[in-house]
Each structure stands twice: as C-alpha cells, then as structure tokens.
1. With every protein chain left in place and a probe of 1.4 Å, what is the accessible surface of E198, to the nearest 10 Å²?
2. Tilt of helix 2-20 relative to the longest C-alpha principal axis of the chain, in degrees (0 to 90, nearest 10)?
3. Which net charge results when you count Lys and Arg as +1 and Asp and Glu as -1 among the other residues whose beta-carbon is under 13 Å from that of E174?
4. Quote the charge dipole size of segment 125-210 about the Cα centre in Debye, to the nearest 20; the model charges only the Cβ of Lys and Arg (+1) and of Asp and Glu (-1).
5. Per q in 0.14, 0.20, 0.25 Å⁻¹, report the Debye log10 I(q)/I(0) for segment 66-155, using one uniform scatterer on each alpha carbon and no solvent.
6. Each residue of segment 98-109 in order: what ³J(HN,Hα) in whole Hz does its phi give by Karplus 6.51 cos²θ - 1.76 cosθ + 1.60, θ = phi - 60°, with x for Gly and Pro?
7. For the chain, max minus min Cα coordinate along each principal axis, in Å, sorted largest first?
8. For L158, enumerate residues with amide H under 5 Å from its amide H, sequence gap 5+ or separate chain, H modeled in the peptide plane.
Amino acid sequence: MKTLLLTLIMTSACFSQRAADPPPLFFKETWKQAPGNVPVTQEFVTNPDLKLNQYGSGKEDFGITNEGNVPHIWTGLCAGGCALTLSSKENFADLTGKARIRWYLKTSGFHEVRPVLKLADGTWLIGDHADAFVYDYHVSEFYLAEVHWLKLDMPKVLTKGTLLDKVDLSKVDEIGFADLTPGSGHGLGGFSDMGWIEVYGKPVKRDAAK
C-alpha cells in the first residue's frame, strides 16, 4: 500500500512538473542583411516557415537596415501607427500558460514598442506591455499571461474600447509588434528598431484547428 501511494505521489509530481515546463521556441526571426535602408519585404525573412505581414498607411512604412552588423526593422517612415507581424505557414501558436516573447530592440524619442496578436477568429489585440530603450539595443522578455490587452482596429492600427477582462490565446494566427507613434523620418527624433524576435509557445496545426 505504501509503495502504491509513493508511486501515485511521484506520478502526480511528474505530471505537475510537465505542466509547469515552459513552452518550446515557436519561432525566431533575425532578418537578412539589407543593402542600405530599403523597404522590408518577404525576401528579408530568414525563417522559411514565416510569412511577413505589414499594416499601416503605406506599404513602405517599414524599412530594413543594418546598424552595428544588426539587421533591424525601422519605423521612421510610418506616417501613423504601424504594425508588423509574422505568421507560421503550418501552425497557429498556443500562447497560454508560460508563453513568452523575447525581442531585441531600441527606440528614439518617445516611441514605444508593444506586442500585437491576431487570433485565429480574426480578432486583433495590442498589449499594455511597452518597451522603450533610447540609449542602445536591449533584450526584453515578458510573459503573455501578464499582459493586458486592448482590441486593435486593423488595418488602421488604432486602439479601441477598454482593457479586456479575458482573452483566449490558445490559437494565435499572427504575432508581432506595433509602434503607435508616427515616425519622424531619417535621423534621430522618433522611430523604433526591432533587431530580432523570439516567440515561445506550443504549435497547433492549422488543419487540426479547423
């Protein structure tokens, strides 16, 4: 009886440990080297499983350039709020539990970078987590479960409503970032630079999720 009880306790502990394990890397994108400062397109995406999506007032809002040998997305030409996302061709992302985002970025002026998600049902969300690093590039990491969300009016990239009490992040279609402040053009003043982005979550096959 004691042996059975010990076995049940150990099995329960094992299951609890598995449930607490952080999710795997869902994707990472580092961008390809750019020949100067040019509009970002799908050809600069290094991960062949990812599709690039851009939202804002113009198709050339986002640029890609190199600084200190770091290819990065640049928002200086965004005439208004703009958002860039990536979507896996094969899977939705389950961003529940300990799912998290890590990214490497810097900003200029009073610009901030916020997470943006498109759910499988078409709902757009933008988070209250905001990063702004004017001095130099920094790595930032945060859990999606700790973020509060607003709905986002797309493709206008405008916030709407009030903070949502509850969101279901079990099937996320697109994942990326937004800069809600218009860019100031070339030179210092107002922009965001996104060097790379990592997303940790569980894959959910698109066909199986129908």
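1. The accessible area of E198 comes to roughly 10 Å².
2. 10 degrees
3. Combined, the nearby Lys, Arg, Asp and Glu give +2.
4. 520 debye
5. Taking Cα atoms of segment 66-155 as identical point scatterers yields -0.59, -1.19, -1.55.
6. Each residue's phi maps through the Karplus curve to give 9, 4, 8, 10, 10, 8, 10, 8, 8, 9, 9, x Hz.
7. Principal extents (largest minus smallest coordinate, Cα): 74, 39, 34 Å.
8. For L158, the qualifying residues are D153.
The values are calculated or read from the model by the stated rules, or taken from the named source; none is laboratory data. The structure presented is a predicted model; accordingly, all values stated were derived computationally and were not measured. Cβ sites come from the backbone with ideal geometry, for glycine too, and all protein chains shown count toward neighbours. These area figures cover heavy atoms from the full protein model, side chains too; ligands, DNA and RNA do not enter into them. Shrake-Rupley method; radii C 1.70, N 1.55, O 1.52, S 1.80 Å.
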